[in-house]
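Inspection log for the structure reproduced underneath, given as structure tokens.
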Amino acid sequence: MQSGDVIRERIERVKRLNAMNEQKLMAVKAYYREHIAEFISDFGMTVDPRVAADGRQPFMPFVLFPKQVELVQWIMRHWREGTPGVLVKSRDVGASWIAMAVACSLCMFYRDMFIGFGSALEVKLDRPGDPDTLFYKGRTFVQYVPQVFRGAWSIDHDSPYMRILFPETGSSITGEAGDRMGRGGRKAIFFVDEAAHVERPQLIDRSLSATTNCRIDMSSVNGMANSFAERANSGKIDRFDFTWRDDPRKDDAWYEQKKIDDDPVTVAQEIDCSFTASAQGLLIEPEWIQAVIDADLKLKLDLSTGQRHGALDVADEGVDKNAFAARHGNVLVHAESWSGKRSDLFKTAEHAFDLCDEHGLQSFAYDNDGIGTSVKGDANVIAARRVSQGLKRITVSGFRGSGEVLYPEREMVKGRKNKDYFANAKAQAWWHLRLMFQDTYRALHGLPHNRDMLIAIRKSFKELSRLTIELSQPTYEKNTAGKILIQKTPPGTKSPNLADSVMMVYAPAKPKMRISESLFDQEVA
């Protein structure tokens with residue numbers, strides 16, 4: 001719907017509101033009070049000064065797209081549960097606008113609601129006439145909401161420096177900068193904006209722990225050496241990933257232009273959300289990862305023929321998650337993760353079989369190291385039960401990353417036998433995945449490549465953002481014998497379970513897995 005059509009629809013909606021009696025109006029308010037995302041989309045306004053250069057009106061309806069709706073609901077859930085959260089975001093996806101819109105909406109609908117916003121610098125919070133500041137966004141949102149919701153609110157009287165007051169409900173939003181964050185009294189929610197750039201996080205950690213139960217850190221990525229990265233990768237705090245792929249306003253052409261405008265590390269961190277972008281020995285470059293999204297469609301090639309195979313990465317019962325990946329030919333058609341906490345391995349195996357049925361898979365592999373070893377027995381029980389029920393046969397096999405390399409006398413890397421180049425099967429499998437991403441990137445740029453090694457990832461599944469971040473995490477190094485070792489959890493990161501499942505689902509195997517042996521003739525990257 002065009003902006004003009006939305007405005008006309010809103011005008012009619014406001015006319016109906018103004019004509020309502022008090023009882024009906026109270027019912028409408030009660031509805032929006034529990035459906036904040038709808039309230040924002042129905043009445044919110046935003047501003048983007050950049051579009052004025054194209055002759056467009058910078059003030060426009062704030063109609064949320066699906067990922068933004070998810071973010072609103074995620075914030076609301078953490079507020080209701082009184083729990084912290086971490087938002088890992090690409091630059092310019094509207095997260096700051098959403099945080100302010102949610103805060104203002106809550107203050108309009110709830111009495112004595114006190115919400116805080118913090119940033120490393122005061123000028124990021126409030127500066128007269130600066131639309132990039134958080135409080136400019138908040139004032140704009142409230143100013144354009146119909147009066148039946150904001151009441152007697154006035155931008156002149158109720159919006160002093162670093163504060164937005166709501167006289168109808170006695171609620172308020174306040175700002176605190178730098179080391180002063182968390183010292184302004186108790187808050188229902190406290191948003192820490194651009195948390196990766198806070199200079200002395202240990203000071204605000206102590207203050208905020210006594211100020212609020214619902215601390216929301218939101219930031220683009222700034223490497224690993226900061227508190228935000230630690231919180232985002234600890235596995236102990238619920239995390240929301242919001243990358244540019246989730247934004248329907250952005251496409252591959254937009255991304256290619258950003259690669260021209262910005263340096264590679266900035267693109268990898270602030271747009272691709274890679275925490276290890278500046279690390280030595282990065283295994284899969286973030287731009288390769290973005291390139292393979294629907295690569296078969298870009299190349300006009302059919303890569304989704306052949307084997308339908310899956311892989312299960314089994315978690316322990318702690319903070320790690322189980323993960324499952326599914327491929328058809330060389331196209332990754334699905335990947336998902338779920339908590340292993342308070343669950344048992346038999347149920348995990350059952351879910352893997354269910355996913356095989358859902359995606360028409362003929363087989364799946366499981367991690368045969370550590371806790372995953374018990375999957376074999378459970379799988380045998382489930383397979384026997386399926387046979388008795390007349391269900392399709394699904395072949396299950398173990399992947400042992402700590403085991404010996406496949407085809408030790410052959411060469412995946414030209415001039416080096418596999419047994420001399422890779423420390424174990426895990427290193428070989430990860431390197432194989434690296435070569436697939438690299439060859440696809442080369443194909444898309446008209447460079448020599450191996451047709452059998454092309455890979456594509458469908459962008460339709462829900463956890464794509466998390467997967468793209470995880471795939472850019474592993475690094476590689478060489479041991480004292482000169483063999484490749486994979487470090488999938490660089491310091492400060494947690495296990496990339498989704499990426500592990502993808503590594504396993506594409507791991508080279510013996511002929512029964514129908515992997516082309518031509519992959520063993522690749523050049524060193």
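Between L17, L25, the distinction of being assigned by TED's automatic domain parsing to the domain that holds S105 and either charged (D, E, K, R) or touching a Pro at 6+ places or on another chain (Cβ under 7 Å) (or both) belongs to L17 only.
Yes/no per residue for (1) modelled with pLDDT of 95 or more; (2) under 18 Å from E168 (Cβ atoms); (3) surrounded by fewer than 19 Cβ atoms within 10 Å (Cβ to Cβ):
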{"position": "F39", "(1), (2), (3)": "yes, yes, no"}
{"position": "A52", "(1), (2), (3)": "no, no, yes"}
{"position": "R56", "(1), (2), (3)": "no, no, yes"}
{"position": "M60", "(1), (2), (3)": "no, no, yes"}
{"position": "F65", "(1), (2), (3)": "yes, no, yes"}
{"position": "V72", "(1), (2), (3)": "yes, no, no"}
{"position": "V88", "(1), (2), (3)": "yes, no, no"}
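If you go through the range 145-190 and keep only what is of a type in the set (D, E), surrounded by 14 or more Cβ atoms within 10 Å (Cβ to Cβ) and not in a strand (DSSP E or B), you end up with D158, E168, D179.
Report yes if Q389 is over 23 Å from M436 (Cβ atoms), modelled with pLDDT of 90 or more, polar (S, T, N, Q) and over 27 Å from the mean Cα position of the chain (by Cα), otherwise no. Spelling it out, Q389 is indeed over 23 Å from M436 (Cβ atoms), modelled with pLDDT of 90 or more, polar (S, T, N, Q) and over 27 Å from the mean Cα position of the chain (by Cα).
Taking the criterion of being outside any loop (DSSP other than H, G, I, E, B), within 20 Å of the chain's Cα centre (by Cα), in contact (Cβ under 8 Å) with a residue 12 or more places away in the chain and within 29 Å of S460 (Cα to Cα), would at least one residue in the range 248-257 satisfy it? Scanning the range 248-257 turns up at least one residue that is outside any loop (DSSP other than H, G, I, E, B), within 20 Å of the chain's Cα centre (by Cα), in contact (Cβ under 8 Å) with a residue 12 or more places away in the chain and within 29 Å of S460 (Cα to Cα). Here the range 418-458 is the region considered, the condition is being aromatic (F, W, Y) and under 22 Å from A253 (Cβ atoms), and the residue that is surrounded by the fewest Cβ atoms within 10 Å (Cβ to Cβ) is Y441.
Residues satisfying the criterion are present in the range 129-136 (criterion: closer than 30 Å to I7 by Cβ, loosely packed, with under 15 Cβ neighbours inside 10 Å, over 31 Å from the mean Cα position of the chain (by Cα) and not β-branched (V, I, T)). Residues of the range 461-486 that are part of a loop (DSSP other than H, G, I, E, B) and hydroxyl-bearing (S, T, Y): S472, T480. Scan the range 9-24 for residues that are closer than 24 Å to R56 by Cα, among the charged types (D, E, K, R) and loosely packed, with under 11 Cβ neighbours inside 10 Å and jot them down. Scanning the range 9-24 gives a single hit, E12. Within the range 259-284, the set of residues being in a helix (DSSP H, G or I) and crowded, with 20+ Cβ neighbours inside 10 Å comprises V267, A268, Q269, E270, I271.
Filtering the range 406-413 for residues that are in contact with a helix residue (DSSP H, G or I) (Cβ under 7 Å, 6 or more places away or on another chain), assigned by TED's automatic domain parsing to the domain that holds E285, crowded, with 21+ Cβ neighbours inside 10 Å and farther than 18 Å from A311 by Cβ leaves a non-empty set.
The values are calculated or read from the model by the stated rules, or taken from the named source; none is laboratory data. Only a predicted model underlies this, so the values are computations on that prediction, with no experimental measurement involved. As a convention, Cβ positions derive from the backbone with ideal geometry for all residues, glycine included, and neighbour counts pool all protein chains shown.
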